[in-house]
Amino acid sequence: MAGHPQALQRYALAVASHLGLIAAWYLFVKLGEVPKFVMPSPYDTVHALLVPNYRWPENIAVTTIEIFGGYILAVVFGIGAALLFSWFRWLEMAVMPLLVSLNMIPKVALIVWFKYGIGPNAMMAFAICFFPIVLTTARGLREVEPDLLDLVHTLRGSRWQLFTKIQLPGALPYVFSGMKVAAILAVAGAIVGEFLGSDRGLGYLMLQVQVTLDTAAMFMAVILITLIGVVLYGMVLALERMLVVRDARLA
(Lines give C-alpha, C1' and ligand atoms only; values in the text may rest on other atoms or scores of the structure.)
Protein backbone atom coordinates (compact mmCIF):
# COMPACT_ATOMS: atom_id res chain seq x y z
CA MET A 1 0.00 0.00 0.00
CA ALA A 2 2.88 2.35 0.73
CA GLY A 3 4.13 2.06 -2.80
CA HIS A 4 0.74 2.81 -4.36
CA PRO A 5 0.69 6.61 -3.67
CA GLN A 6 4.33 6.76 -4.70
CA ALA A 7 3.49 5.11 -8.03
CA LEU A 8 0.60 7.52 -8.60
CA GLN A 9 2.90 10.43 -7.85
CA ARG A 10 5.44 9.14 -10.34
CA TYR A 11 2.81 8.79 -13.07
CA ALA A 12 1.38 12.22 -12.27
CA LEU A 13 4.81 13.80 -12.60
CA ALA A 14 5.37 12.01 -15.91
CA VAL A 15 2.06 13.31 -17.29
CA ALA A 16 2.76 16.81 -15.98
CA SER A 17 6.19 16.91 -17.62
CA HIS A 18 4.70 15.93 -20.98
CA LEU A 19 1.94 18.51 -20.68
CA GLY A 20 4.56 21.09 -19.75
CA LEU A 21 6.54 20.23 -22.87
CA ILE A 22 3.43 20.70 -25.05
CA ALA A 23 2.70 24.04 -23.38
CA ALA A 24 6.29 25.20 -23.91
CA TRP A 25 6.07 24.09 -27.54
CA TYR A 26 2.86 26.09 -28.05
CA LEU A 27 4.25 29.23 -26.39
CA PHE A 28 7.49 29.03 -28.32
CA VAL A 29 5.68 28.85 -31.66
CA LYS A 30 3.10 31.54 -30.86
CA LEU A 31 5.20 34.06 -28.98
CA GLY A 32 8.20 33.57 -31.24
CA GLU A 33 6.06 33.77 -34.39
CA VAL A 34 7.86 30.74 -35.79
CA PRO A 35 6.86 29.92 -39.39
CA LYS A 36 4.81 26.73 -39.85
CA PHE A 37 7.36 25.19 -42.20
CA VAL A 38 9.99 25.52 -39.44
CA MET A 39 7.93 24.35 -36.46
CA PRO A 40 4.15 23.92 -36.50
CA SER A 41 1.95 24.46 -33.47
CA PRO A 42 0.51 21.47 -31.57
CA TYR A 43 -2.87 22.17 -33.19
CA ASP A 44 -1.44 22.18 -36.72
CA THR A 45 0.43 18.97 -35.95
CA VAL A 46 -2.70 17.14 -34.83
CA HIS A 47 -4.66 18.64 -37.73
CA ALA A 48 -2.25 16.89 -40.14
CA LEU A 49 -4.00 13.61 -39.26
CA LEU A 50 -6.98 14.80 -41.32
CA VAL A 51 -5.02 14.74 -44.58
CA PRO A 52 -6.32 11.59 -46.34
CA ASN A 53 -3.47 11.35 -48.85
CA TYR A 54 -1.05 10.41 -46.10
CA ARG A 55 -2.89 7.13 -45.34
CA TRP A 56 -2.23 7.39 -41.63
CA PRO A 57 -3.94 4.12 -40.53
CA GLU A 58 -2.02 2.06 -43.09
CA ASN A 59 1.33 3.65 -42.32
CA ILE A 60 0.81 3.31 -38.57
CA ALA A 61 -0.10 -0.36 -38.98
CA VAL A 62 2.97 -1.08 -41.15
CA THR A 63 5.42 0.54 -38.74
CA THR A 64 3.77 -1.17 -35.75
CA ILE A 65 4.07 -4.58 -37.41
CA GLU A 66 7.72 -3.98 -38.22
CA ILE A 67 8.62 -2.87 -34.70
CA PHE A 68 6.64 -5.48 -32.79
CA GLY A 69 7.42 -8.27 -35.25
CA GLY A 70 11.17 -7.72 -35.15
CA TYR A 71 11.11 -7.28 -31.38
CA ILE A 72 9.15 -10.44 -30.66
CA LEU A 73 11.45 -12.48 -32.91
CA ALA A 74 14.48 -11.05 -31.12
CA VAL A 75 13.04 -11.97 -27.71
CA VAL A 76 12.20 -15.53 -28.73
CA PHE A 77 15.45 -16.30 -30.53
CA GLY A 78 17.58 -14.29 -28.10
CA ILE A 79 16.33 -16.13 -25.03
CA GLY A 80 16.50 -19.43 -26.92
CA ALA A 81 20.10 -18.85 -27.94
CA ALA A 82 21.09 -17.86 -24.39
CA LEU A 83 19.44 -21.01 -23.07
CA LEU A 84 21.44 -23.19 -25.47
CA PHE A 85 24.61 -21.38 -24.42
CA SER A 86 23.86 -22.18 -20.78
CA TRP A 87 23.32 -25.85 -21.61
CA PHE A 88 26.30 -26.26 -23.91
CA ARG A 89 29.36 -24.30 -22.85
CA TRP A 90 31.26 -25.31 -25.98
CA LEU A 91 28.46 -23.84 -28.12
CA GLU A 92 28.78 -20.48 -26.40
CA MET A 93 32.56 -20.46 -26.86
CA ALA A 94 32.13 -21.25 -30.56
CA VAL A 95 29.12 -19.10 -31.47
CA MET A 96 29.36 -16.04 -29.22
CA PRO A 97 32.48 -14.64 -30.95
CA LEU A 98 30.70 -15.17 -34.26
CA LEU A 99 27.66 -13.26 -33.01
CA VAL A 100 29.90 -10.41 -31.90
CA SER A 101 31.47 -10.25 -35.37
CA LEU A 102 28.10 -10.41 -37.11
CA ASN A 103 26.76 -7.68 -34.85
CA MET A 104 29.51 -5.38 -36.12
CA ILE A 105 28.21 -5.65 -39.68
CA PRO A 106 26.31 -2.46 -40.63
CA LYS A 107 22.63 -3.28 -40.37
CA VAL A 108 21.91 -1.31 -43.54
CA ALA A 109 23.41 -4.24 -45.44
CA LEU A 110 20.16 -6.10 -44.75
CA ILE A 111 18.36 -3.70 -47.08
CA VAL A 112 20.92 -4.48 -49.80
CA TRP A 113 20.66 -8.23 -49.38
CA PHE A 114 16.87 -8.27 -49.10
CA LYS A 115 14.42 -6.13 -51.00
CA TYR A 116 12.54 -3.36 -49.25
CA GLY A 117 9.29 -3.99 -47.44
CA ILE A 118 7.82 -4.99 -44.09
CA GLY A 119 9.89 -8.18 -43.82
CA PRO A 120 13.36 -6.61 -44.25
CA ASN A 121 12.45 -3.70 -41.97
CA ALA A 122 11.31 -6.15 -39.28
CA MET A 123 14.58 -8.02 -39.79
CA MET A 124 16.41 -4.75 -39.27
CA ALA A 125 14.66 -4.33 -35.92
CA PHE A 126 15.40 -7.96 -35.08
CA ALA A 127 19.10 -7.62 -35.90
CA ILE A 128 19.48 -4.61 -33.63
CA CYS A 129 17.47 -6.11 -30.73
CA PHE A 130 18.85 -9.66 -30.78
CA PHE A 131 22.35 -9.12 -29.40
CA PRO A 132 21.45 -7.16 -26.21
CA ILE A 133 18.87 -9.79 -25.30
CA VAL A 134 21.35 -12.64 -25.81
CA LEU A 135 24.04 -10.96 -23.72
CA THR A 136 21.87 -10.03 -20.74
CA THR A 137 19.95 -13.33 -20.71
CA ALA A 138 23.13 -15.40 -20.95
CA ARG A 139 24.59 -13.46 -18.04
CA GLY A 140 21.44 -13.96 -15.99
CA LEU A 141 21.45 -17.70 -16.60
CA ARG A 142 25.07 -17.86 -15.42
CA GLU A 143 24.27 -15.97 -12.20
CA VAL A 144 22.19 -18.84 -10.79
CA GLU A 145 23.52 -20.28 -7.52
CA PRO A 146 25.67 -23.38 -8.25
CA ASP A 147 24.27 -25.13 -5.16
CA LEU A 148 20.76 -24.97 -6.61
CA LEU A 149 21.96 -26.42 -9.88
CA ASP A 150 23.74 -29.24 -8.08
CA LEU A 151 20.61 -29.97 -6.09
CA VAL A 152 18.49 -30.32 -9.22
CA HIS A 153 21.13 -32.53 -10.83
CA THR A 154 21.21 -34.69 -7.69
CA LEU A 155 17.45 -35.10 -7.87
CA ARG A 156 17.86 -36.08 -11.53
CA GLY A 157 15.88 -33.14 -12.82
CA SER A 158 15.73 -32.65 -16.57
CA ARG A 159 17.29 -29.71 -18.34
CA TRP A 160 13.85 -28.28 -18.98
CA GLN A 161 12.98 -28.53 -15.28
CA LEU A 162 16.28 -26.90 -14.45
CA PHE A 163 15.46 -24.04 -16.81
CA THR A 164 11.84 -23.47 -15.79
CA LYS A 165 12.25 -23.96 -12.03
CA ILE A 166 15.70 -22.50 -11.32
CA GLN A 167 17.40 -20.70 -14.19
CA LEU A 168 14.55 -18.69 -15.70
CA PRO A 169 13.14 -17.27 -12.42
CA GLY A 170 16.63 -16.23 -11.35
CA ALA A 171 17.50 -14.76 -14.74
CA LEU A 172 14.28 -12.78 -15.25
CA PRO A 173 15.71 -9.46 -13.98
CA TYR A 174 18.49 -9.73 -16.55
CA VAL A 175 16.09 -10.86 -19.27
CA PHE A 176 13.86 -7.83 -18.76
CA SER A 177 16.86 -5.52 -18.59
CA GLY A 178 17.82 -6.64 -22.10
CA MET A 179 14.22 -6.51 -23.28
CA LYS A 180 13.85 -2.87 -22.18
CA VAL A 181 16.99 -1.86 -24.03
CA ALA A 182 15.85 -3.81 -27.09
CA ALA A 183 12.42 -2.13 -27.02
CA ILE A 184 14.11 1.21 -27.60
CA LEU A 185 16.39 -0.17 -30.30
CA ALA A 186 13.52 -1.86 -32.16
CA VAL A 187 11.98 1.50 -33.02
CA ALA A 188 15.26 2.83 -34.39
CA GLY A 189 15.85 -0.33 -36.42
CA ALA A 190 12.46 -0.31 -38.12
CA ILE A 191 12.56 3.40 -38.93
CA VAL A 192 16.08 3.22 -40.35
CA GLY A 193 14.86 0.39 -42.56
CA GLU A 194 11.98 2.54 -43.79
CA PHE A 195 14.34 5.42 -44.48
CA LEU A 196 16.59 3.24 -46.62
CA GLY A 197 14.01 1.28 -48.55
CA SER A 198 10.25 1.24 -48.19
CA ASP A 199 7.06 2.39 -49.81
CA ARG A 200 4.92 2.38 -46.66
CA GLY A 201 5.27 3.24 -43.00
CA LEU A 202 5.71 6.34 -40.87
CA GLY A 203 9.43 6.58 -41.64
CA TYR A 204 8.69 6.52 -45.34
CA LEU A 205 5.97 9.14 -44.84
CA MET A 206 8.46 11.41 -43.04
CA LEU A 207 10.67 11.43 -46.12
CA GLN A 208 7.73 12.18 -48.40
CA VAL A 209 6.37 15.13 -46.43
CA GLN A 210 9.87 16.53 -45.98
CA VAL A 211 10.05 17.08 -49.72
CA THR A 212 6.79 19.07 -49.68
CA LEU A 213 7.81 20.99 -46.51
CA ASP A 214 4.76 19.70 -44.65
CA THR A 215 6.48 19.98 -41.29
CA ALA A 216 3.25 19.41 -39.36
CA ALA A 217 2.83 15.97 -40.91
CA MET A 218 6.48 15.17 -40.23
CA PHE A 219 6.06 16.14 -36.57
CA MET A 220 2.94 14.01 -36.38
CA ALA A 221 4.78 11.03 -37.82
CA VAL A 222 7.56 11.45 -35.26
CA ILE A 223 5.02 11.63 -32.43
CA LEU A 224 3.24 8.50 -33.63
CA ILE A 225 6.53 6.61 -33.89
CA THR A 226 7.32 7.71 -30.35
CA LEU A 227 3.92 6.54 -29.12
CA ILE A 228 4.42 3.10 -30.68
CA GLY A 229 7.75 2.82 -28.89
CA VAL A 230 6.22 3.99 -25.61
CA VAL A 231 3.46 1.39 -25.89
CA LEU A 232 6.01 -1.37 -26.50
CA TYR A 233 8.19 -0.22 -23.61
CA GLY A 234 5.15 0.09 -21.34
CA MET A 235 4.08 -3.47 -22.17
CA VAL A 236 7.54 -4.75 -21.25
CA LEU A 237 7.44 -2.81 -17.96
CA ALA A 238 3.99 -4.16 -17.14
CA LEU A 239 5.12 -7.72 -17.83
CA GLU A 240 8.21 -7.20 -15.69
CA ARG A 241 6.11 -6.00 -12.75
CA MET A 242 3.93 -9.08 -13.08
CA LEU A 243 6.82 -11.56 -13.11
CA VAL A 244 9.67 -9.95 -11.17
CA VAL A 245 9.49 -8.80 -7.56
CA ARG A 246 10.34 -5.14 -7.04
CA ASP A 247 13.58 -5.66 -5.11
CA ALA A 248 14.98 -7.95 -7.83
CA ARG A 249 14.54 -5.51 -10.72
CA LEU A 250 17.77 -4.19 -12.15
CA ALA A 251 16.34 -0.86 -13.33
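Which condition from (1) farther than 24 Å from C129 by Cα; (2) in a helix (DSSP H, G or I) is the one that L213 breaks?
For L213, the failing item is (2).
Can you tell me which of K30, K36 is over 25 Å from the mean Cα position of the chain (by Cα), among the charged types (D, E, K, R) and assigned to a helix (DSSP H, G or I)?
Values: K36 fails: assigned to a helix (DSSP H, G or I).
The match here is K30.
For the list (1) under 30 Å from F130 (Cβ atoms); (2) not in a helix (DSSP H, G or I), I need the number of the one condition that I65 fails.
In the conditions (1) under 30 Å from F130 (Cβ atoms); (2) not in a helix (DSSP H, G or I), I65 misses (2) alone.
Checking I111 against (1) among the aliphatic types (A, V, I, L, M); (2) buried (at least 16 other Cβ atoms within 10 Å of the Cβ); (3) at pLDDT below 85; (4) over 24 Å from S198 (Cα atoms), only one condition comes out false. Which one?
So the condition that I111 fails would be (4).
For the range 196-220, name all the residues that are open to solvent by less than 30 Å² (accessible area, probe 1.4 Å), within 18 Å of Y43 (Cα to Cα) and of a type outside the set (S, T, N, Q).
Within the range 196-220, V209, A216, A217, M220 qualify.
Please work out which residue is surrounded by the most Cβ atoms within 10 Å (Cβ to Cβ), limiting yourself to the range 227-238 and to residues that are of a type outside the set (A, V, I, L, M, F, W, C) and touching a residue at least 12 places away in the same chain (Cβ under 8 Å).
Of the residues in the range 227-238, the ones of a type outside the set (A, V, I, L, M, F, W, C) are 229, 233-234.
Next cut, touching a residue at least 12 places away in the same chain (Cβ under 8 Å) only: 229, 233.
Values: G229: 19, Y233: 17.
Checked the range 227-238; the qualifying residue surrounded by the most Cβ atoms within 10 Å (Cβ to Cβ) is G229.
The values are calculated or read from the model by the stated rules, or taken from the named source; none is laboratory data. Owing to the predicted nature of the structure, the values given are computational and were not obtained by experimental measurement. When we count neighbours, we look across all protein chains shown, and the Cβ atoms used for this are built from the backbone with ideal geometry, even at glycine. Accessible surface areas use protein heavy atoms only, side chains included; no ligands, DNA or RNA. Shrake-Rupley method; radii C 1.70, N 1.55, O 1.52, S 1.80 Å.
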